[in-house]
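Data first, discussion second: the structure below is written as structure tokens.
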């Protein structure tokens, strides 16, 4: 009998056509692995039959658990809920759309047994839209110059974390979560596994351009205050240039007399300075908005229903989290 348990967290939003497929793939993969498993589906406010499909699996296999939110709280919050409720000695995070191949589970577990705290999957961009691939590469090149953590192109949430890494993440209780940055911020020993990009089998991607843009902004804002420094330096530079410009014009007026002011110069200065001011206010507003939401102290999510019984998860057990985190165990 397998006594050691690996937990799999699967955030699911309108993935009805993929629920049974991902379950069968995982069940088949664990058939010849010397670990038992539990699958925790997080139904993130789906409007299709996702929850119904999950409940059907629960009736046939008690290893399947689920948490259903009262509404869509987002993938970041779904991951947090999963970490708070799983009980395995190691945790695998993967999507329900089958773009994360289950065949990597064995290499994940091998890395875990070798003593790594995080075993991370990194995909290539094979098959992706060229423009999207270029923009992604450009974004990662930029973000790694401005944030305080290391973010890799092609590395997402698909990974295995041991219990120490999970407990470290649970110590980070901020409301505005950016998991890619949090995974990197906790550090610990890491191993990278490379794999080819896999196309989605059913349904449409939930990541529109606007959502990707907002997610990118979250990455820039969440892990540093450099945008505020950029605003400061930009303002200082413009102030210096303005003083030089005023001094030059004053000298010209003294030498040549008053000349009819040019419309182009005036409107250009007004538009440029106005744009810089609005951009700076926007950056400052982003930080103030995050402070505003953090001070509300609202719960990260609300559960509508679940089959996880009280006492079966780590939720609220902070004393144990600190104890495990401070130990030297893997």
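The values are calculated or read from the model by the stated rules, or taken from the named source; none is laboratory data. Here the structure is a predicted model, which is why all the values come from computation and not from measurement. So basically every Cβ, Gly included, is an ideal-geometry build from the backbone, and we count neighbours across all protein chains shown.
Entry remark, region 87-101: residues being within 12 Å of residue 160 (Cα to Cα) and surrounded by fewer than 20 Cβ atoms within 10 Å (Cβ to Cβ) number 1 in total. Say whether the condition of being in the same structural domain as residue 171 (by TED's automatic domain parsing), buried (at least 19 other Cβ atoms within 10 Å of the Cβ) and out of contact with any strand residue (DSSP E or B) (no Cβ under 9 Å at 6 or more places or on another chain) is met by at least one residue in region 58-68. Within region 58-68, not a single residue is in the same structural domain as residue 171 (by TED's automatic domain parsing), buried (at least 19 other Cβ atoms within 10 Å of the Cβ) and out of contact with any strand residue (DSSP E or B) (no Cβ under 9 Å at 6 or more places or on another chain).
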